[in-house]
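Quick note: the coordinates plus some simple rules give every number you see, no bench work behind them. This is a predicted model, so every value here is computed, not measured. Positions of Cβ are generated from backbone atoms using ideal geometry, with glycine treated the same way; all protein chains shown enter the neighbour counts.
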Amino acid sequence: MREYRNHVLICGGPSKCGSDCGEHDVETLRSELISLLKEMGLRERVKVSTTNCLGAKEPGPIMVIYPEGIWYKEVTSGWLKQIAEKHLAGGEVVEPLLIHEMAPSRRRSE
């Protein structure tokens, strides 16, 4: 398996947490993000996957980006370019969508 700098998970429901992720076309959202990453020359560095319910209890679609552990809510096509440019290319959080940020890992690479 190829190594990636980031792994993007997009919640596709079905909702067990009260979110509405399953009501959105997350496969189209995934395809749009992949196309955008290709245009930006980032596709080889970013893996994009859809998942079952992530349990966020926030309006969906929910997106989680690792290794940072940044959780976003209400991710729509309109936000994808900003997420790709600001977060995936620039390493900055897209504040209006942020619902959770995991603590930095304490593990060190050997």
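Listing 50, 28 from fewest to most neighbouring C-beta atoms within 10 Å gives 28, 50.
3J(HN,Hα) along segment 83-96: 4, 5, 6, 6, 8, 5, 8, x, x, 9, 6, 8, 3, x Hz, from the Karplus curve 6.51 cos²θ - 1.76 cosθ + 1.60 with θ = phi - 60°, whole Hz, x for Gly and Pro. Within the chain, what percent of beta bridges assigned by DSSP are antiparallel, to the nearest 5? Expressed as a percentage, antiparallel bridges in the chain total about 60.
The H on the amide N of residue 52, modeled in the peptide plane, is under 5 Å from the matching H of 12, each at least 5 residues off or on a different chain. Legend: residue pairs 38/81; 16/86; 47/81, Cα-Cα distance threshold 19 Å; pairs beyond threshold, 16/86.
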